[in-house]
1. How much length, in nm to one decimal, is gained on full extension between Ser458 and Lys344, taken as 0.36 nm per residue of separation minus their Cα-Cα distance?
2. Could you give the nm distance between label points at Leu557 and Val285, where each point is 7 Å from its Cα heading toward the beta carbon?
3. Which of the listed residues, Gly396, Phe377, Tyr301, is farthest toward the dipole's positive end in the stretch 292-399, when Lys, Arg count +1 and Asp, Glu count -1 at the beta-carbon?
4. Measure off 7 Å from each Cα along the Cα-to-Cβ vector at Gln411 and Ile191, then give the distance between these two points in nanometres to one decimal.
5. Using the Cα centre as the reference, give the magnitude of the dipole from point charges on the C-beta atoms of the chain (Lys, Arg: +1; Asp, Glu: -1; all else neutral), rounded to the nearest 20 debye.
6. Take Asp318, Asp246 and order them by how many other Cβ atoms sit within 10 Å, fewest up front.
7. Can you run phi through the Karplus equation (6.51, -1.76, 1.60; θ = phi - 60°) for the stretch 76-83 and list ³J(HN,Hα) in whole Hz, with x for Gly and Pro?
8. Any chance you could check the Cα centroid distance between the stretch 338-362 and the stretch 272-336 for me, in angstrom?
Amino acid sequence: MREKSSVERSQLPERQISSNLTVLKLFLPYLSPYKGQITLGLISLLLATLSTLGIGLVFTSLIDHAFSQESLTALNQSILLMIGCVAIMAVASFGRTYFVSWLGERVVADLRQRFFSHLLRLEVGFFEMTRPGELISRLTTDTTLIQIVIGNSAALALRNLLLFIGGASMMLAMSVKLTLISVLIVPLILIPLVIFGKRVKVGSRHAQDSVGDLSGFLEEALSSIRSCFAFNRESVEQAVFKKLVDTTFACATQHLLMRSWLTFSVMMLVFLGVSGLLWLGGQDVVLGTLSAGQLASFLFYALMVAGAAASFSEIYADLQRAAGASERIFEILSIQPKPQPSSKLRSLPREARGTLALHNINFAYPNNPQRPILHNFTLSVAPGEKVALVGPSGSGKSTVLSLLLRFFEPQSGAIYVDGVDVKEAPLSQVRERFGIVPQEPMIFSGSLYENILYARPSASETEIWNAIEGAHLLDVVKALSQGIHTQLGTRGVRLSGGQRQRVAIARVILRNAPILLLDEATSALDAESEAAIQESLKRLMVTKTTLVVAHRLATVLKSDRIVVLNKGYVEAVGTHAELITEDGLYRRLATLQFTDSLNLSERQKENRALWA
Ligand SMILES: Nc1ncnc2c1ncn2[C@@H]1O[C@H](COP(=O)(O)OP(=O)(O)OP(=O)(O)O)[C@@H](O)[C@H]1O
Ligand SMILES: [Mg+2]
């Protein structure tokens, strides 16, 4: 059942849960093009920190000079100094916020582009084992976490580090004794940080995984909403969804609880420590070994240092969350693109002849390597030849076409297009040679026009209309409310099955590739439309090599050769006239299909009677 997991995780390396922040180093190459912004961000950061430290000094001068000596001039000077510090701090903070956040947004934009273009280079098998929702969650949620770290937490960490060092130095300058006492408090802060930090990271990863599960489920449930309604599955889907939402909530609360404990412990210990300092420092002031102004400044710096230390735990948790997110992203980025480009690339001949050869192909799908689908499949097709692939459902016909398009790699054997082993040719060149009408045509949510143009974006208006005419879509276009520019809805829901098939045929006509692959191209059409389209396909096929898959044998009678596939084995090859004389699968199929209903056997008559 699908509530099990969002990704068939077997395809992805086992997810590691570690507090290993070194994965964040992988972002350095993403940062290096933006040295200018980084420098500006750092300068702003430094100025903001120095001006904040300056404010502490104002307190000493305010209390020890202006108040104790009752001097108005000293008061004015102190206030002017404070305004100066605050102005610098404000401007620098603006710079820091802008440049650093800009950096976060930019790096994530680059990362998203890289991620998507990487996905486009992966093999079809990967997408069969990974749910789109899971990838979407990595591309959105996980990248957002990274953006927060680069655009905020990292700068915050640096700022707080500077404040920590600066503040601690000032503390030393004010009172060595009090500073040493403060140092004793530091390990007390570090202990909960280490304990809870680890748990926060694990919890964060679980929370992200559960959101991935949720979006994976949603994606599938919504895209198959009709089946859900038709099978009255609403309550089942709702129950599954509720379970997933509950898990997400439980994971999130668990994570929240850990984070809250972390903040609580650090806060508690820091402020207890500060109270202790106030008590001890107060005694020094009473004894006259420390001025009141110095104690005020010392406490200001101590609070600053404590605040910085407390925020380290938050930032550390953020960094850990981002490390988790990065692992999830780099996990995908590290998957080797397939098919791998060969080291000795050979171009296909410029002039396409349209020869096709498959030699001794053995193939099993990557998700089920134990089950061979094609056994020693061999077939050569001469330029312009029309070859039909027939055979029972599941015998491997569509698989042959997928292999030609290099959606999958055969375990052994070789495929040649125009005499070149496709493994050695650039992938795009191989695919350029083929025009396919797939068994289940895919229609996108754009207009009919965009859907047809998809096959060849550079096509002219006339070519598009020719394709529409060839695919007998003119009547369909006329009937649509905005003609060719009508939006077809998600996955083309506004078209009928046969109309979708005709859009796929229009695409292949427009594409005008030298080798045609027609997988049940007219199976969803009525007899009249089918006859008409067969005519235009025939015109298209005149100069092209064609591989036709068909269950309805009537559509392949005139093929130059018919290949009969059975359970992945080539059972027979020949013309209709030859094959019909042999006592084999083809004759059995043909007898069933071509027998006049008056000659039906008793058994068949009984079956038909069911429908009467
Ligand atoms: N993506 C896939 N992953 C794993 N197994 C697959 C995949 N696609 C198809 N198969 C299996 O491979 C076998 C051949 O499938 P294929 O789609 O090539 O059959 P076909 O001859 O085109 O059948 P049909 O006439 O029903 O379209 C089937 O048994 C099917 O279960
Ligand atoms: Mg098929």
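None of the figures in this text is laboratory data; all of them are computed from the coordinates on show. Predicted, not measured: the structure shown is a model, and the values here were computed from it. When we count neighbours, we look across all protein chains shown, and the Cβ atoms used for this are built from the backbone with ideal geometry, even at glycine.
1. 38.0 nm
2. Taking the two extended label points, one gets 10.8 nm.
3. Phe377
4. 5.9
5. 560
6. Result, fewest neighbours first: Asp246, Asp318.
7. Once θ is set to phi - 60°, the couplings for the stretch 76-83 become 4, 4, 4, 5, 4, 4, 5, 4 Hz.
8. Spelled out, the Cα-based centre of one part sits 63 Å from the other.
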